[in-house]
Each structure stands twice: as C-alpha cells, then as structure tokens.
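Enquirer: Dropping the structure in here first, questions after.
Derivation of every value follows stated rules applied to the coordinates shown; laboratory data play no part. These figures come from a predicted structure and were not determined experimentally. With ideal geometry, Cβ positions are generated from the backbone for all residues, glycine too; neighbour counts draw on all protein chains shown.
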C-alpha cells in the first residue's frame, strides 16, 4: 500500500507516519510545515525507502494534483488541520481556510485522481476529525458521544471541523468517493506541540513557572494515547466499511485539574524541587470563552467491528509522556520561540 498522509509532520500525523512505516507501508507525507509542525517528529523514519515528503499546502489545488500524479497513492489519510481552540477564537480565518477550503481541495484532488485511475475499488479517503464537533456533554457518566450524536460545535475550530466532516460525507453521497471517517477524543503523548494542556503543564513545571488551569479545572476530557490512536486509524483505513464513521476514545475520562495533579505527582517522583512540590505551581486562571464542560467517547463500534482496543492506560501514558519530555528537550525547546507559544490566547469575548 502507498498511503498519502496530510499533516504528517504534526502531532497525530507524525505518529501515523511512524506507525505506518514500521508496518511496511509506503508513506507520502504532505505538510505545509506551519507553526505547529515539526519535521523532526518523523526524523526516526525519514531515511527509509518507504518515506517520501512533499512540502505542500492543502489549500493549493494545483500542488495537490501534482502530488497525486507523482505518487499514485492507494489511500489518503487526511489529518492536516488547524487545531488549537484558543487560536481559533483569536483568528478564525486560518481555521476556515485550512479546515474547510483545504479539505475541499483535497477531496477534489482525490476525486479527480480516483476518476482518472478508473475509480479503483480499493481506494480509500480517510478523514480524521474530533469529538469537539458534537458539543458538550452533561455530567452524567452514562452519556457519551456515539456515531449518531447530532453535531453541535461551539468554537470556530470545532465548527470548521464539523464543516469538513459534512463535506466528506457529501462527496461520498454525491460522487461516490469511497470515504471512511473517524472522530477521536483528546490525544496526548510524545511530540505534542507545546501549546496544548499536557505539554504546557510539563514544560512550565520543568521551568518552575506557574501552571495555568482554566476556570475551576473541572472540564472533563477522554484521553487517548496518540500511538493507540495511530493503530486505530490504520485499522479503520484497512478494514472500515466505506461510508461509515467510527468514534475512537481512550476510555480514560479525567478532569483537567486531575490531569495536572497526576503530572505533578509524576514529576515529584522523578525530579525533586528545591522547595515544595510541583503542585504548588498550579494557578487557576480565567476560563476560555465557550469552554465545553465534558467530552466522552463511546468507542463500542470500533471495538466490535474492528477489534481495536486502547492498550495504554492514562496513568502509564502520562508517565511515558513526562519521561519523553524530560529526555527530549532538544525537540521541544526550539518550539517555544514560535509565534504565540507561551502566551495566553483565545480571550476574545462576545
């Protein structure tokens, strides 16, 4: 198989690229290398004969056509997206242009290629999305997002991803493009760009800086180790039913403040502070506008249909992640100088 991965220098995309190459899959990594990308995330496999890189923006239709013509992929996995909710509040235009227009261009390039090769029946277009398109859940632990949950996006980011999901479904129903779709819960793990909660907590703690927690810290997320997610994505690509959507979750609900305290405890066991504990650095700050209270994924369908299960517990995953950031400062330190990193974003109010 030759797989075209968009956003393969990003957090989830690079995990997919590493996993696919390790499984003997030929990969074409298409990435615009915007602020959140880091080509060093695929350094470990960049010398493989199975790996090819194309520095292309998915908003450039002509460039995409060239990539399809040169590489003739058997499948597409679409991960390229602007993804940080806080940035989407301050600058929604980039999210609309990349997540909506970019997805449209990729769909059209894929459809043109698929038509040109005789609508090969084994071709797949796998669109990767988020649980944030479903909105916010009540506190009742029995209520979770399913594949049938109505869409109710609350931020510019989630609205742009919801729109891209609808485009993909329309290209399946209207043009017959063979698509599969997934919606995942919050990912974490190595190579996570240092503007999301878990890497921010780790890096701030390592610097002895205050650890910001939005609102009361009781917002709940379902946490999914990124390498488990990569396995799930490849399973859906290979075995998922065309036209179907699959929810992918880690079955690990936890509040933000509990995540922060777990990380602080891991750090206390690894690196002794001169005075006090790492939890002493926690500081509650003004909440994000429109901050969804709870997300939780019901992953029954992918378990039953494809036999996928998360393999990394939240406790083990956080230990692995903290250790990785301690041992890989040369990867994350240069990223701290990128635009907006370390600054409080997303405080615009209606």
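Enquirer: Roughly speaking, what is the stretch gain from residue 69 to residue 300, that is 0.36 nm per residue apart minus the C-alpha to C-alpha distance, in nm to one decimal? Display every interim value, and only then the final one.
Expert: Values: separation 231, 0.36 × 231 = 83.16 nm, distance 3.82 nm.
The span from residue 69 to residue 300 would gain 79.3 nm if fully extended.
Enquirer: Return, ordered by residue number, the residues of segment 203-220 whose backbone nitrogen is under 16 Å from a label point located 7 Å along Cα→Cβ of residue 277.
Expert: Only 205, 211 pass the distance filter.
Enquirer: So how tilted is helix 103-116 from the main axis of the chain? Cα-based, degrees 0 to 90, rounded to 10.
Expert: Helix 103-116 sits at roughly 30 degrees to that axis.
Enquirer: Moving on to the next point. Determine, for each peptide in 11-17, 261-267, the mean count of other beta carbons within 10 angstrom over its residues, then list the peptides with the highest first.
Expert: Numbers: 11-17: 28.0, 261-267: 20.3.
Listed from highest to lowest mean packing, they are 11-17, 261-267.
Enquirer: Now for a different question. Give me the one-decimal nm value for the distance between modelled label points at residue 291 and residue 323, 7 Å along each residue's Cα-to-Cβ direction.
Expert: Taking the simple label geometry, residue 291 and residue 323 are separated by 3.1 nm.
Enquirer: What relative contact order, as a whole-number percentage, does the chain give when Cα pairs under 8 Å and 6 or more residues apart are counted?
Expert: 19
Enquirer: Rounded to two decimals, what ratio of Rg to Rh does segment 35-116 give with C-alpha atoms and a Kirkwood Rh?
Expert: Ratio of gyration radius to Kirkwood radius for segment 35-116: 1.01.
Enquirer: Also, I was wondering about something else. In whole percent, what relative contact order does segment 39-133 give with Cα contacts below 8 Å and a gap of six or more residues? Before the final figure, lay out the partial values.
Expert: Values: 70 pairs, mean separation 34.7, N = 95.
Rounded, it is 37 percent for segment 39-133.
Enquirer: Moving to a separate point now. Take 84, 122, 166 and order them by how many other Cβ atoms sit within 10 Å, fewest up front.
Expert: 122, 166, 84
Enquirer: Which residue fluctuates most in the GNM of the chain (Cα springs below 10 Å): 49, 94, 165?
Expert: Sorting by GNM fluctuation, first place goes to 49.
Enquirer: Let me ask something additional. Roughly how tilted is helix 226-239, in degrees to the nearest 10 and between 0 and 90, from the longest Cα axis of the chain?
Expert: Once rounded, the angle reads 20 degrees.
Enquirer: Peptides 306-317, 216-227: what's the order by average Cβ count within 10 Å, highest mean first?
Expert: The packing order, highest mean first, is 216-227, 306-317.
Enquirer: Sorting 175, 325 on the 10 Å Cβ count, fewest up front, what's the list? All intermediate terms of the calculation are to be shown ahead of the outcome.
Expert: Working: 175 14, 325 23.
So the ranking, lowest neighbour count to highest, is 175, 325.
Enquirer: Assign one of three labels to the chain, namely rounded, prolate or oblate, based on the Cα gyration tensor with a ≥ b ≥ c the square roots of its eigenvalues; rounded applies when a/c is under 1.5, prolate when it is not and a/b is larger than b/c, and oblate otherwise.
Expert: It comes out prolate by the Cα gyration axes.
Enquirer: Right, here's the next one. In whole Å, what is the distance between the alpha-carbon centres of segment 296-350 and segment 68-139?
Expert: The distance from the Cα centre of segment 296-350 to that of segment 68-139 comes to 20 Å.
Enquirer: Using a Gaussian network model of the chain with C-alpha springs under 10 Å, which one of 268, 86, 330 is most mobile by mean-square fluctuation?
Expert: Highest fluctuation of the listed residues: 330.
Enquirer: Relative to the compact globular guide of 2.2 N^0.38 Å, what is the alpha carbon radius of gyration of segment 139-203, as a ratio?
Expert: Values: Rg = 15.8 Å, N = 65, 2.2 N^0.38 = 10.7 Å.
Rg over 2.2 N^0.38 Å, computed on Cα atoms: 1.47.
Enquirer: Here's something else I'd like to know. Ranked highest first by average number of other Cβ atoms within 10 Å, how do 153-159, 129-135, 281-287, 209-215 line up?
Expert: Sorting 153-159, 129-135, 281-287, 209-215 by mean packing, highest first, produces 129-135, 153-159, 209-215, 281-287.
Enquirer: Follow-up. With labels modelled as points extended 7 Å from the Cα through the Cβ direction, what inter-label distance (nm, one decimal) is found for residue 209 paired with residue 309?
Expert: 4.1
Enquirer: Just how far, in whole angstrom, is segment 1-44 from segment 156-197 if you go by their alpha carbon centroids?
Expert: Cα centroid to Cα centroid, the span is 16 Å.
Enquirer: Expected output is a single nm value to one decimal: the length gained when fully extending between residue 139 and residue 316, i.e. 0.36 nm times separation in residues minus the C-alpha distance. What is it? Mind showing how you got there, number by number?
Expert: Numbers: separation 177, 0.36 × 177 = 63.72 nm, distance 2.54 nm.
Fully extending the segment from residue 139 to residue 316 adds 61.2 nm.
Enquirer: Please compute the contact order of segment 1-46 in relative form: average sequence separation of alpha-carbon pairs under 8 Å and at least six residues apart, divided by the residue count, as a percent.
Expert: That works out to 46 percent.
Enquirer: Going by how many other Cβ atoms sit within 10 Å of their own, how do 234, 77, 1 line up, fewest first?
Expert: Fewest-to-most Cβ neighbours within 10 Å comes out as 1, 234, 77.
Enquirer: Let me ask another. For residue 122 and residue 255, what does the FRET efficiency come to when R0 = 41 Å and r is the distance between their Cβ atoms, rounded to the nearest 0.05?
Expert: About 0.40, to the nearest 0.05.
Enquirer: Something else: Quick check: the angle from helix 156-175's long axis to the longest principal axis of the chain, C-alpha only, nearest 10 degrees?
Expert: Its long axis makes an angle of about 20 degrees.
Enquirer: What percent antiparallel are the DSSP beta bridges of the chain, to the nearest 5?
Expert: Approximately 10 percent, going by the DSSP bridge assignments.
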